[in-house]
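The values are calculated or read from the model by the stated rules, or taken from the named source; none is laboratory data. Computed from a predicted structure; not experimentally measured. Glycine gets a Cβ as well: all are built from the backbone with ideal geometry, and neighbour counts include every protein chain shown. Quick note on the areas: whole protein, heavy atoms, side chains included, nothing else; ligands and nucleic acids left out. Shrake-Rupley method; radii C 1.70, N 1.55, O 1.52, S 1.80 Å.
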Amino acid sequence: MKYKIVNINDTGDRSVLIIYTGGTFGMVQDTSGALAPFNFGKVVDRVPELRQLDIKLTVISFPKPIDSSNIGIQDWKDMAYIIEENYTQYDAFVILHGTDTMAYSASMLSYMLQGLNKPVIFTGAQMPIGSIRSDARENLITALEIASSHQNGVPTVSEVCVYFNFLLLRGSRSQKLRSSTFAAFESENYPLLAEAGIEIEFNYPALKSFDPSGKLKVINDLNPNVTILKIFPGITEHTVKSILSNPEIQGVVLESYGSGNTMKFDWFIQYLSEAINEGKIILNVSQCIGGEVEQGRYETSKKLNDIGVLSGGDITTEAAITKMMFLLGTENDKGKLKHGLTHTLAGEMDLVQD
Ligand code: ASP
């Protein structure tokens, strides 16, 4: 793929590569009045402050910036490839990305970038940079400040994060919860990594610690044959069957109620059980944004344990579905696959005691 590269600023003792993928951040209205992404050259004109920051800045842009609703596996591979190719030349990476699927991309990149020891900060905006009240400028400038923050030669942040509306969140814990306020993202099950006010207050105990021996290894074998089964009262046998008996599907994220409860109808348990016996992996995550799955706490989830449904603990759906694609792509051993799904890989779920 041919990427466009623009140097924005050459001075400063830290260097950041901005990867521009698209999103509302850089959108303008097209002739029909709908918002569509435009190229980054115009974005820089809108944020002249970028040239005044004491950070060496380069932008690499997707050849055709996209609305993040169009993100797919190849785009994740492209982002990981750009980071891998430029890893030694830059101190940090900021990915400008649409908000709609940012939590999925941040989760996936946190799995793909094994041994990461530098900041990879996703950000974007709810309003295009061209609008007077846009949140784009603040989000980008503070993301760059966080990305370039370091102490004693060591980056303050050495993981994949989302920075949005004054909050720095662990990428694999983030979720887009609101579409019509600036406070779009939260990580209900994990503390904030930092909060930006007059100062940027880092929450050091919550940040992944820097590993001096960490070496980046990009893993990009991803398996797309996964799906999400979200249950609801009144869901029909036919719907459940059509999802669980699909021969292409190898992994299912089961979105259950509350602390991991589902209906205990015989037909439902039967379809789940058949799918597991056919070799499919089923991971139970909650529809609630906070709290965790505790299979066996209620009678309605005890059966799930018995038939071999795996508990996703406090993982988000975004982190669960991307983790399935990642682990089904990289792990052939069933035991290791199940272990991987129920244990933390990139800080996406609480530690589980064996
Ligand atoms: N549809 C846009 C996108 O995800 C929304 C946004 O960027 O806020 O690319």
Residues in the stretch 7-57 that are surrounded by fewer than 17 Cβ atoms within 10 Å (Cβ to Cβ), within 16 Å of the ligand (Cβ to nearest atom) and under 19 Å from I146 (Cα atoms): how many?
0
Of all residues being surrounded by fewer than 16 Cβ atoms within 10 Å (Cβ to Cβ) and polar (S, T, N, Q) in the stretch 291-341, which is farthest from M263 (Cα to Cα)? Just the residue, please.
N332
So E195 fits all but one of (1) of a type outside the set (A, V, I, L, M, F, W, C); (2) without any contact (Cβ under 8 Å) to a residue 12 or more places away in the chain; (3) closer than 26 Å to E292 by Cα; (4) more than 16 Å from the ligand (Cβ to nearest atom); what number is the exception?
(2)
Output for Cβ contacts, cut-off 6 Å, separation at least six or different chains, first residue under 8 Å from L17 (Cβ atoms) and aliphatic (A, V, I, L, M) in the stretch 81-98, second open to solvent by 30 Å² or more (accessible area, probe 1.4 Å) and modelled with pLDDT of 95 or more, reads A92/K118
All but one of (1) over 20 Å from the mean Cα position of the chain (by Cα); (2) open to solvent by less than 30 Å² (accessible area, probe 1.4 Å); (3) of a type outside the set (S, T, N, Q) hold for G347; state the number of the condition that does not hold.
(1)
In this structure, does I219 turn out to be surrounded by fewer than 16 Cβ atoms within 10 Å (Cβ to Cβ) and of a type in the set (A, V, I, L, M)?
yes
Considering only the stretch 70-82, state which residues are away from the ligand (no atom under 16 Å from the Cβ) and touching a strand residue (DSSP E or B) at 6+ places or on another chain (Cβ under 8 Å).
A80, Y81, I82
Conditions: (1) under 23 Å from the mean Cα position of the chain (by Cα); (2) surrounded by 15 or more Cβ atoms within 10 Å (Cβ to Cβ); (3) away from the ligand (no atom under 16 Å from the Cβ). D67 meets all but one. Number of the miss?
(3)
Name the residues in the stretch 70-83 that are open to solvent by 50 Å² or more (accessible area, probe 1.4 Å) and over 19 Å from K4 (Cα atoms), would you?
N70
Of everything in the stretch 83-97 that's under 17 Å from the mean Cα position of the chain (by Cα) and not in a strand (DSSP E or B), which residue is nearest to the ligand (Cβ to nearest atom)?
H97
